[in-house]
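Engineer: Please read through the structure below; I'll follow up with questions.
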Amino acid sequence: MNLSIVDLAPVPDGASATEAYENTVELAQLAEELGYSRFWVAEHHSMADSIASTTPEVLIAHLAAKTDAIRVGSGTVLLNHYSPFKVAETFSSLDALAPGRIDLGLGRATGKPAADRALRTERRKRNPDEDHAEKIEETANHLYDEFSADHPYADLQLARSAEDVPEIWVLGSSPSSAKIAGELGLRYCFAAFIRPTLAVRAFETYWEHFDPAASDAGVDEPTGMLAVNVACADTDEEAARLRASAEASYKRMQRGVTGSTPTVDEAIDELGGVPDPTPQSLPPGEWPRAMSGSPETVGTLLDELTDQVGVDDVIVQNLIADHDDVLRSHELLAEAVGLDAQ
């Protein structure tokens, strides 16, 4: 199994984005040492007091300079906010700075109305799936120079590395995004920490619609990755305590409350107790948004979940409040799946 990390650059209580970015760099460097495959950073807007990952392209450049070999990328660039040409220019330049190490994860999401207006984003589309697919395809055509000779964009040029091109992934949390990825022949990553019950169906949709001939930007065979929220500790009980922060955060989001991740004690108080440990077996359609366990439990869980959806790659997010606990969780996760440390 290949293991990767997606990070939100959470802002510690009473701190600033500076400390958040320092923590993200430390985590990326640890991930490289432990043998993780990729380190992605998210894009969120209008939550900068709690999530500093607002501009993944900026963080990616910094992370690439602070690491040596691990792939770095976006999880995700919200393409509905931007022009495909500008995204392609940005990531082609990143690849020129760190050849062969850049991933371009493409997704979509609307946020708070004021933020979307400030980003000049149309919140309603007549056919949102068609619009998203067209933007992804246009981005890929820019990056892989696939426009026909008579296309108005055929002569546009990008700053490039000598021989590499960013690796494109379609990110989503629904079968509609899976269908888009399959029809375009691109790699697909499903966000099970958003809609876990749709994971199996989404990957079935991806396999069903996969077209290897759709684009040079794509792959010859379906290539998927599962994104999960996991807290790992020495015991199942300790890991469940850490998971309390994620559970309380999700409940806050349902109430429309944003802010820093609650500490374990705050979360347990809000939840009315420590969450039960995650079972060692999760049938399809019954996955929770967040999971936890000892290395043995988590290793068993990840084997089962990847078998259910037919992938070998997992990318992990967590909502653990304490940075030291975050680092330790990823150390234990690396142990759980037997990563080869550098």
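The values are calculated or read from the model by the stated rules, or taken from the named source; none is laboratory data. Because the structure is a prediction, the values reported are computed rather than measured. All Cβ positions, even for glycine, are placed from backbone atoms using ideal geometry, and neighbour counts span all protein chains on display. Side chains are part of the model used for accessible areas, which takes the heavy atoms of the whole protein and leaves out ligands, DNA and RNA. Shrake-Rupley method; radii C 1.70, N 1.55, O 1.52, S 1.80 Å.
Engineer: Could you work out, for region 235-281, what percent of all Cα-Cα pairs fall into each 10 Å distance bin, beginning at 0 Å and stopping at the bin that holds the largest distance?
Structural biologist: Spelled out bin by bin, region 235-281 gives 31, 51, 18, 1 percent.
Engineer: Then there's this: Greater than 27 Å separation of Cα atoms is the criterion. Which listed pairs, 86/112; 66/86; 66/251; 86/251; 86/125; 135/251, meet it?
Structural biologist: Going by Cα-Cα distance, 66/251; 86/251; 135/251 fall outside the 27 Å limit.
Engineer: Moving to a separate point now. Please report the net charge: other residues with Cβ closer than 9 Å to the Cβ of residue 295, K and R +1, D and E -1.
Structural biologist: -3
Engineer: Using a 1.4 angstrom probe on the protein heavy atoms only, line up 66, 125 by accessible area, largest first.
Structural biologist: Reading off the accessible areas and sorting them downward yields 66, 125.
Engineer: Relative contact order for region 43-103: what percent, with Cα pairs under 8 Å and sequence separation of 6 or more?
Structural biologist: Contact order relative to length: 36 percent.
Engineer: Looking only at Cα atoms, what is the convex hull volume of region 53-175 per residue, in Å³?
Structural biologist: Value for region 53-175: 124 Å³ per residue.
Engineer: Could I ask something else about it? With all protein chains present and a 1.4 Å probe, how do 167, 89, 208 order by accessible area, largest first?
Structural biologist: 208, 89, 167
Engineer: Give me the one-decimal nm value for the distance between modelled label points at residue 270 and residue 342, 7 Å along each residue's Cα-to-Cβ direction.
Structural biologist: Here the answer is 3.6 nm between the modelled labels.
Engineer: Taking each pair of distinct Cα atoms in the chain once, what is the resulting Kirkwood hydrodynamic radius in Å?
Structural biologist: For the chain, inverting the mean 1/r across all distinct Cα pairs yields 20.4 Å.
Engineer: Shifting gears a bit: R0 = 22 Å: FRET efficiency of residue 65 with residue 160, Cβ-based, nearest 0.05?
Structural biologist: 0.70
Engineer: Also, I was wondering about something else. With both bridge residues required to lie in region 1-132, what share of the DSSP beta bridges run antiparallel, to the nearest 5%?
Structural biologist: Just about 10 percent of them are antiparallel.
Engineer: Give me the percent relative contact order of region 197-299, please, defined on Cα pairs under 8 angstrom at least 6 residues apart.
Structural biologist: Result for region 197-299 is 38 percent.
Engineer: May I ask for the net charge around residue 284, where only other residues with Cβ less than 15 Å from the Cβ of residue 284 are counted and Lys, Arg are +1 while Asp, Glu are -1?
Structural biologist: For residues surrounding residue 284, the net value is -3.
Engineer: Do the sum for the chain: with -39,500 (n - 2.57) for every DSSP H run of n ≥ 4, divided by all residues, what is the mean residue ellipticity at 222 nm, to the nearest 500 deg cm²/dmol?
Structural biologist: Value at 222 nm, helices only, nearest 500: -13500 deg cm²/dmol.
Engineer: As an exercise, identify the trypsin sites (Lys or Arg not before Pro) in region 189-271 lying in DSSP coil whose Cβ has no more than 13 other Cβ atoms within 10 Å.
Structural biologist: Sparse-neighbourhood loop trypsin sites (Lys or Arg not before Pro): 255.
Engineer: Same structure again: Taking the Cβ of residue 88 as the centre, find all other residues whose Cβ is under 13 Å away and add up their charges (Lys, Arg: +1; Asp, Glu: -1).
Structural biologist: Residues near residue 88 contribute -4 overall.
Engineer: Follow-up question, since we're still on this one. Label points 7 Å out from Cα along the Cβ direction at residue 29 and residue 55: separation in nm?
Structural biologist: With each label point 7 Å from Cα toward Cβ, the separation is 2.3 nm.
Engineer: Mean-square fluctuation check for the chain, GNM, Cα pairs under 10 Å: which of 144, 36, 153 is largest?
Structural biologist: 153
Engineer: Same structure again: Please state, to two decimals, what the Cα-based radius of gyration of region 155-196 comes to when divided by 2.2 N^0.38 Å (N = residues).
Structural biologist: Against the compact-globule rule of thumb, the ratio is 1.55.
Engineer: At a probe size of 1.4 Å, how large is the accessible area of residue 323, to the nearest 10 Å²?
Structural biologist: Using a 1.4 Å probe on the heavy atoms, I get roughly 40 Å².
Engineer: Would you work out which of 115, 74, 98 lies farthest towards the positive end of the dipole of region 70-148, given +1 charges on the beta-carbon of Lys and Arg and -1 on that of Asp and Glu, about the Cα centre?
Structural biologist: 115
Engineer: How tilted is helix 84-97 with respect to the longest principal axis of the chain? Cα atoms for both, answer in degrees (0 to 90, nearest 10).
Structural biologist: 70 degrees
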